[in-house]
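Peer 1: This structure is in structure tokens; I'll ask about it shortly.
Here, each number is a calculation from the coordinates, and none is a lab measurement. Note that the structure is a prediction, hence the values are computed from the model and not measured. Cβ placement follows ideal geometry from the backbone for every residue including glycine, while neighbour counts extend to all protein chains displayed.
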Amino acid sequence: MNISASLGSSLAPFLQDVLHGLSQPHKTLPCKYLYDQRGSQLFDQICGTEEYYPTRTELQIMNEHADSMARQIGRQAMLVEYGSGSSVKTQILLDALDAPVAYVPVDISEEHLLQTSAALQANYPHTEILPVVADFTTPFTLPEPAEDFSHVALYFPGSTIGNFTPIAAGVLLQNMADMLGPQGGLLIGIDLQKDVAVLEAAYNDAAGVTAEFNLNLLRRINEELDADFALDQFSHSAIYNPNQHRMEISLVSLREQHASVHGQRFHFDAGEPILTEYSHKYTVQGFAAFAAQFGFALHKHWTDQRGYFGVLHLVQ
Ligand code: AVJ
């Protein structure tokens, strides 16, 4: 995106969010901006690393239990997915679901989304594929499928919910509850609490793909927001915070330095972090209790043998 094209009377949201985050006493950048075209590619690459267990574990759970999940979801559903990415897990669900009325993948990475949707439509001719380019953290309108549907089934895999602070996750769950109504269900993937060494290895892969994914955010800011971050003067850091049950992922300034974004100059101390992402780890019961505050009841859940990852079906 060209910023001059998206600048109206106010600043473009990306620029606004970056300037705001870097002006905080503890500098932050919103993790949703990690997923441009290059970032989405790098994330897919992370999923293939030896150390990053969540995707492969969730896939294994989906492969093993998709039929049981499909029975929970029921017939005639409009399947909506938040943060669909490459929709790999969704295809397992679509295969088990016996032609849902429509599939609505929602993602902010437009190119990636439209490519994936075209491929899916060819593979699932009896399901209407209705991609929506949107940021699912802010309200958006669901498309109307040509055929009637009986209920909305929301699929939110990948433990994306882990990126949200408890407060933001609560807002999201409330929005989901409002969208779903009394007939709706939520099938959600969550990463579970486990040995710290396993967690930290997953976010510090030896090949350095996660580091590149994280640094890609600064490269993107340089490119799109007229900034001048010295990419080799920031390093990737990913540490588990056992009190908050979350991975804290940041870019650490390797020396005292400045960077300008769109004419605004920011100072960085040596060792100062820019927080780029949280990844919260839950327990099944802990998450169910949390979701209950927003009217969700846990109907069924599935996990792997090691108990690394959980897929939960919650209903209103
Ligand atoms: C896509 C949010 C699930 O938190 O594990 C992976 C993102 N960041 N490695 C996660 C991520 C660094 C990932 N989620």
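Peer 1: Mind checking which lysines have their Cα closer than 25 Å to the Cα of Lys300? Skip sequence neighbours fewer than 8 apart in that chain.
Peer 2: Partners within reach: Lys89, Lys194, Lys281.
Peer 1: Mean Kyte-Doolittle of at least -0.5 and a Cα length of 18 Å or more along the axis: which whole DSSP H helices of the chain meet both?
Peer 2: Taking the DSSP H segments of the chain (at least 18 Å long, mean hydropathy at least -0.5), we get 110-123, 166-180, 209-224.
Peer 1: Between Arg71 and His126, what length in nm is gained on full extension when 0.36 nm per residue of separation is reduced by their alpha carbon distance?
Peer 2: Gain on stretching Arg71 to His126: 17.9 nm.
Peer 1: Same structure, new question: After finding the eigenvalues of the alpha carbon gyration tensor for the chain, what semi-axes result from the square roots of 5 times each, listed largest first in whole Å?
Peer 2: Output for the chain: semi-axes of 33, 23, 18 Å.
Peer 1: Would you work out the relative contact order for the chain, in percent, from Cα pairs under 8 angstrom that are 6 or more residues apart?
Peer 2: That works out to 20 percent.
Peer 1: If you put +1 on each Lys and Arg Cβ and -1 on each Asp and Glu Cβ, how big is the dipole of segment 12-81 around its Cα centre, in Debye rounded to 20?
Peer 2: Roughly 240 debye for segment 12-81.
Peer 1: For segment 263-316, state which trypsin sites (Lys or Arg not before Pro) are in a DSSP loop and have at most 16 other beta carbons lying within 10 Å of their beta carbon.
Peer 2: Arg306
Peer 1: Let me ask something else about it. If you stretched the chain out fully between Gln305 and Asp226, how much longer would it get, using 0.36 nm times the residue separation minus the C-alpha to C-alpha distance?
Peer 2: Fully extending the segment from Gln305 to Asp226 adds 23.6 nm.
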